[in-house]
DNA sequence: CGATTTCCCTGGCCGC
DNA sequence: TGCGGCCAGGGAAATC
């Protein structure tokens, strides 16, 4: 079966939400320490040219807020208080990878002459050498390695800012609490959701109520907690269940990590491995795992939305 | 000023 | 087969 839904799998694995970004963060963090940026190249677009601003700075590990990767930059010169952040948002198709060699492979998936050169890359970008035709930035490091950012659809973004100054990135500046932070409570969730006239899915996608959810995990969380995606108000009980569902869904996805993504990517035949992890997203027309009702598709904010018309009752 | 709409992008599938 | 149409989608800018 290679239905229209089958295409969605190929798309979804490319969309990094919090679990995917966190997986990448964990892979990159030990690789991007104790080295300095000696040169940079950027694709000629305002979304990426700030990559140059990292030249001369020392990489000091990778953290994350929502779907944003924050690479700590220390000044190599005297100023101990001077700190910057190299911020990377992967958009829909962005990938980061680290090679052991400087410069570009001449062709194909691996550089010539050294088949092991992309070993680190394999761990850092979920399986591939950078797509050479879609490179958006290259940072050359002082230890002979390079950090690459490739992004087919150019929805990604690179920024270099003084540490903590996020005004130039409105969504990041107004980002809601991390889902696993104690600040993210069911009371917070319900108060925020019910104070707005917008439907709950819209709010969850906006990153202000809680950080890191995208289309996939919103649908999964709403399905799990049995909340209708178009609901505008939620009860205390629903809010409690949704809070728990968000954490459970994200935690499971993080635990599956790159393995989940890799399985998805390799799954040409689709069905099996995907259904193991996703109960709702992309399953319109199939049976609800919980009650057997046929899952429905609707459009919210121009985004495909799948839900169970029986389990998730319209408000 | 908050809410809503538009636009940015490419690859791949579909129908004619 | 070739090609136009359509879809996927996070976030920022423009507009209401």
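Details
- For a label point 7 Å along the Cα-to-beta-carbon line of residue A:188, residues of the stretch A:30-69 with backbone N under 18 Å: A:64-68
- Peptides A:217-226, A:184-193 ordered by packing proxy, namely the average of other Cβ atoms within 10 Å per residue, highest first: A:217-226, A:184-193.
- The stretch A:160-175 and the stretch A:176-201 have Cα centres spaced 21 Å apart.
- Inter-part distance where the stretch A:233-250 and the stretch A:284-312 are each reduced to a Cα centre, Å: 18 Å
- FRET E, pair residue A:310, residue A:197, Förster distance 35 Å, beta-carbon r, rounded to 0.05: 0.85
- Estimated FRET transfer efficiency when R0 is 41 angstrom, pair residue A:131-residue A:167 (beta carbons, to 0.05): 0.80
- Protection-proxy order for peptides A:57-68, A:16-27, each taking the mean of Cβ atoms within 10 Å per residue, highest first: A:16-27, A:57-68
- Rounded to 0.05, the FRET efficiency of the residue A:154 and residue A:302 pair, given R0 = 22 Å and the Cβ-Cβ distance, is 0.70.
Readers should treat all values here as calculations from the given coordinates under stated rules, not as data from a laboratory. Remember, it's a predicted structure, so these values are computed and weren't measured experimentally. Methodologically, a virtual Cβ is constructed for each residue, glycine included, from the backbone with ideal geometry; neighbour enumeration extends over all protein chains shown.
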